Amino acid sequence: KSVEVRGRMHLDTATYDSDVTELGNATALRRTRLGMSGKLDDTWSFQIEYDFAENGTSANDVYLRRPLGEGTLTIGQVKVPMGLNELTSSNAITFMERASNSNITADSRRIGIHYAQSIDNLLFQSMLYTRGIGGERPSGANSGSDAPMGIAGRLVFTPSVGENQLLHLGVSVAAEDRGDFNALRYRDRPEVRPADIRLIDTGTIADVDSTLKFGLEAAYQSGPFSIEAEYLANNVNRDGNPDVTFDGFHIQTSYVLTGEKRGYRGGNFRGISPNGKGAWEVAARYSQTNLSDGLIVGGEQSNITLGLNYYASSNVRFMANVIFADIKDGINGDEKPTAFALRAQFAF
Amino acid sequence: KSVEVRGRMHLDTATYDSDVTELGNATALRRTRLGMSGKLDDTWSFQIEYDFAENGTSANDVYLRRPLGEGTLTIGQVKVPMGLNELTSSNAITFMERASNSNITADSRRIGIHYAQSIDNLLFQSMLYTRGIGGERPSGANSGSDAPMGIAGRLVFTPSVGENQLLHLGVSVAAEDRGDFNALRYRDRPEVRPADIRLIDTGTIADVDSTLKFGLEAAYQSGPFSIEAEYLANNVNRDGNPDVTFDGFHIQTSYVLTGEKRGYRGGNFRGISPNGKGAWEVAARYSQTNLSDGLIVGGEQSNITLGLNYYASSNVRFMANVIFADIKDGINGDEKPTAFALRAQFAF
Amino acid sequence: KSVEVRGRMHLDTATYDSDVTELGNATALRRTRLGMSGKLDDTWSFQIEYDFAENGTSANDVYLRRPLGEGTLTIGQVKVPMGLNELTSSNAITFMERASNSNITADSRRIGIHYAQSIDNLLFQSMLYTRGIGGERPSGANSGSDAPMGIAGRLVFTPSVGENQLLHLGVSVAAEDRGDFNALRYRDRPEVRPADIRLIDTGTIADVDSTLKFGLEAAYQSGPFSIEAEYLANNVNRDGNPDVTFDGFHIQTSYVLTGEKRGYRGGNFRGISPNGKGAWEVAARYSQTNLSDGLIVGGEQSNITLGLNYYASSNVRFMANVIFADIKDGINGDEKPTAFALRAQFAF
């Protein structure tokens, strides 16, 4: 048995140039996590991590894991295998927030059984999943409600493309039967969090039978330069109403001025470890999300984000983002707010 | 000073054959704990452990401890010394849930002063206790309410009965003055948790002056075979109404197919440590609980549970339970639901 | 990277001689903390600590820290530099609760940027701060609310006064613009917590534009004897109403019967480490707090507290306090309750 403790702080501050919706200057703990991970015996390993930021309690990875066959089996709450941006750790994402389409469409963490296996340049991840910790449980008057059940798969291909280069191609699909939890709501903030309001919002969509999600990923890296793009679509199957489909994409590029490169392992990007006295990175992203389809008018969000990151060490990072948001048919109609945000981050 | 970290995950899934009350298929984190324990100096040791399962926050053992005379003194929140099943760690109980009578009648954790001492084959545990962490505190409009105060004692006798055998005989009593917290409610789930509903329920019993609880325990173990039985009764003394008495019992037997035996120490059973590549255990239990007496019709629950456990190592266990419940005068009258449940567990 | 775990339990019990307001006998976990601290790399260190007492979740110190110039820079949530009593750790305070004027007036922990530097016998601490974790954040209907912003400074002078003696002189000031969070409320318990009710209370004061706080500290120590005094005033600037000023002070003395002295470092007192088999300390305090000014009649509190502390080791302490409170114009008018309280404490 060997156990290590884990911790993380992401502290954000933002100031806004509001348009229609007033957005107040604010500082907020985005993440504060305490956890443990390690080996339980020769075969089994584990992790338990909780986020207590802003005095909430929210489970992150909570699992039991072992090698099985040529791959790895995980039982517990982990991320559903869909989306390069979602699957990249919040410690390693290039901008302060993930692209809006990724936030909205990818399922993040759910309880289930996950299996991952690599064969040469191919990685296959699959998961049978149900609800996430803390919600959608049969109880009290709803004791007869069956939990949602989904199945997801992600295939990543990383063909050899020459020294110090990486080509990542991925496709994922996730099909979920909503069981007796048939109300869903999709909404998001403008890729910045301290003022806590979502400007696009479908409102509650009742009578959802199932969802079918689909994702395409591509990334290319050459030393300190990287570019990634991702498309995600969500077909929402409703019982007494026509289906609706929401989708979106992002494309981003980053360059590490000091020459280091983004890490990559297990189908996802990892952080940057400065070689010497610290690493500097510049980055830009365009993201688009569409939550309007048929009778649902949730709005559209098109954001341009510019980022500057300083890596003091592999555990400490400072980030600056400018977000130019363009909202159409949002909670307050059309608007174009701008945000300037800073993050102080450490993780171990 | 030496400190160790502690952790635990119990992840359950269940499917039901409902009868009257609808019970939905569900998966839930039964326990997710993070904690620390260790030595503060040559004399004093401590533990702090919290449960964050399903994003709640619930204190478990939180105490300061030292040797005193021939025994051990503990100050803080620990289990009231009553009931073999209750006092057996959730990591080591034979079935996924404790017997219903134990859940309902034993007080579990309370804040207080606990003293335990062993003399030859006798173990005596006693505790002066008040409320549990997180409830029953004088505040606001109830600032004048005195907290409950109780006193409990448990005597365990383990006469020598031959090599590789164990005979455990126990008796316990707990008397509690409810102070100004006079409303109590007794209720329980059908010995399985993912669908979170209690089928027997007294509703709120007002005007409770005091309770007097009484327990009898017996267990016999011979190598991999063990049998245990427990009876617990609770006399509820009411101010303006006649007293009521609720009681129940369970009897269970288990056999470790691979030959290992249940651990035993300090008056309680401990877990099973597999000798080689894993241990298999089969078990059966009958439990009965009666929450109906006088004017209170809380219902009766009689359950048969069959269990199969696999111990991958001393830290990792998988459990399967089938529960045949028989409810009389429950929240929805008489019904006989059946549940099939699985647990993945680790602890350290 | 090197990480240490941190923990703390303060368990209190109190019995009251109530006067007008009924105060029930009670036991409560005053603090139960779990945390981590350590070094992230050669430059940066950190701390994350949360309090889960009574099953709440409340952030304490959560920060990233490094040396900068001749001083120390801290980013995150720490204590605003104002008030000797507030800045003394709860593990090291002489009485079970801080003086009421300190509780009410000093800001305790806020998110911000803190810088401290020592030059010879002078220590200067400064902080630019905003809200505390868990409150006062723009969100939902209040998304346009700007967070409060304050700036504080504290200057401590410790002139050389001879061997085994200490003279501490301090002055602090804190100015805070309340942004769009303009409602404040000042209130306090009678320097004892188990029965959770505040006997003096201004009620909500609307239209607060800003506050200006001012503090004076003095302490003298000669071996096992120490005396400290502190005055704190709070000028509350209101938009459509006249300003109000609340103030208060405390004076306390303590003597360690076994000869040890209180630790002192970084402008604050630290705990007592017994030399041999444990240390005994006697102490007395008089505190006065005035929450009535102009149209606001929050009440006045004048308390005498007598204390006896036993330090079993540097990590374990037991405390006994008798508090003679004298309330004028409180929530239930004038009253003179008395409390007797005990604490069992460990920390590491």
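Across the range B:178-195, computed HN-Hα scalar couplings (Karplus, 6.51 cos²θ - 1.76 cosθ + 1.60, θ = phi - 60°) run 7, x, 9, 10, 9, 9, 10, 9, 10, 6, 7, 7, x, 6, 7, 10, x, 7 Hz from first to last residue, x flagging Gly and Pro.
Over the residues of the protein assembly as shown, the helix contribution to mean residue ellipticity at 222 nm works out to -500 deg cm²/dmol, using -39500 (n - 2.57) for each DSSP H run of at least 4. Using a Gaussian network model on chain B with a 10 Å cutoff between Cα atoms, which of B:Ser118, B:Ser58, B:Ser143 fluctuates the most? The residue that fluctuates most here is B:Ser143. Its relative contact order, with pairs defined as Cα atoms under 8 Å and 6+ residues apart, puts the range A:1-113 at 18 percent. Using a Gaussian network model on chain C with a 10 Å cutoff between Cα atoms, which of C:Gly135, C:Gly271, C:Gly35 fluctuates the most? Residue with maximal mean-square fluctuation among C:Gly135, C:Gly271, C:Gly35: C:Gly135. Computed packing ranks the peptides C:19-30, B:17-28 as C:19-30, B:17-28, most packed first, by mean other Cβ atoms within 10 Å.
Springs between Cα atoms under 10 Å define the GNM used for chain A, and in it the highest mean-square fluctuation of A:Arg270, A:Arg317, A:Arg185 occurs at A:Arg185. Can you give the net charge of the other residues whose Cβ lies under 13 Å from the Cβ of B:Gly240, counting K and R as +1 and D and E as -1? Computed value for this residue: -3.
For B:Ile227 and B:Thr43, what does the FRET efficiency come to when R0 = 41 Å and r is the distance between their Cβ atoms, rounded to the nearest 0.05? Efficiency computed from Cβ-Cβ geometry: 0.55.
Copy-to-copy label distances for C:Leu216, where each label lies 7 Å from Cα along Cα-to-Cβ, are 7.5, 7.5 nm in order of increasing length.
With the biggest extent put first, the Cα atoms of chain C measure 59, 52, 42 Å across the principal axes.
Only lysines eight or more places from C:Lys336 in sequence, or on another chain, were considered; those with a Cα closer than 25 Å are C:Lys328. Averaged over peptide A:7-17, the number of partner chain Cβ atoms lying within 10 Å of each residue's Cβ comes to 4. Using the basic label-point model (7 angstrom from Cα toward the beta carbon), what is the C:Lys328 to B:Arg270 distance in nanometres? In this crude spin-label approximation the distance works out to 6.3 nm. Where chain C is rotated onto chain B, the residue of C whose Cβ comes nearest the axis, and that gap in whole Å, is C:Thr57, 3. 3J(HN,Hα) along the range C:45-57, derived from phi through the Karplus expression 6.51 cos²θ - 1.76 cosθ + 1.60 where θ = phi - 60°, amounts to 10, 8, 8, 9, 9, 10, 10, 10, 4, 6, 6, x, 9 Hz, with x in place of Gly and Pro.
Distances between copies at A:Arg265, taken between label points 7 Å from Cα along the C-beta direction, are 3.6, 3.6 nm in increasing order.
Derived scalar couplings between HN and Hα for the range C:212-222 equal 10, 10, 9, x, 10, 10, 8, 8, 9, 9, 9 Hz in order, rounded to whole Hz, by the Karplus curve 6.51 cos²θ - 1.76 cosθ + 1.60 (θ = phi - 60°), x for Gly and Pro.
Modelled spin-label separation between A:Leu216 and B:Lys277, with each label point placed 7 Å from Cα along the Cα-to-Cβ direction: 4.8 nm. Measuring against 30 Å, Cα to Cα, the residue pairs C:Lys1/C:Lys261; A:Lys39/C:Lys1; A:Lys39/B:Lys1 contain C:Lys1/C:Lys261 as the ones spanning a longer distance.
Can you check what the net charge comes to around C:Arg198, using other residues whose Cβ is under 12 Å from the Cβ of C:Arg198 (Lys, Arg +1; Asp, Glu -1)?
On the way: positive: C:Arg185, C:Arg187, C:Arg189, C:Arg193; negative: C:Asp188, C:Glu191, C:Asp196, C:Asp201.
The answer is 0.
Counting every C-alpha pair in the protein assembly as shown, the share spaced more than 56 angstrom apart comes to 18%. Within the range B:219-348, the proportion of Cα pairs with more than 24 Å between them is 44 percent.
Other chains near B:28-41: what is the mean number of their Cβ atoms within 10 Å of each residue's Cβ?
Details: counts 9, 8, 0, 0, 8, 1, 9, 3, 7, 1, 3, 2, 9, 8.
The per-residue average across the peptide is 5.
Scaled against 2.2 N^0.38 Å for its residue count N, the alpha carbon radius of gyration of the range C:113-219 is 1.41.
For the range A:140-201, the C-alpha radius of gyration sits at 1.85 times the compact-globule guess of 2.2 N^0.38 Å, with N the residue count. Note down the Stokes-Einstein diffusion coefficient of the range B:254-293 in µm²/s, whole number, using a Kirkwood radius over alpha carbon pairs, 25 °C, and 0.890 mPa s. Calculated translational D: 198 µm²/s. With label points set 7 Å from Cα along Cα→Cβ, the inter-copy distances at B:Gly69 are 6.3, 6.3 nm, sorted shortest first.
I need the per residue convex hull volume for the range A:28-95, using only the alpha carbons, in cubic angstrom as a whole number. Each step should come with its number before you reach the end.
Numbers: hull volume 7.5 nm³, N = 68.
Normalising the Cα hull of the range A:28-95 by residue number yields 111 Å³.
Read the figures in this text as sums done on the coordinates, not as results from a lab. Everything quoted here is computed from the prediction, not taken from an experiment. Reconstructed Cβ throughout: ideal geometry from the backbone, glycine too, with neighbour counts over all protein chains shown.
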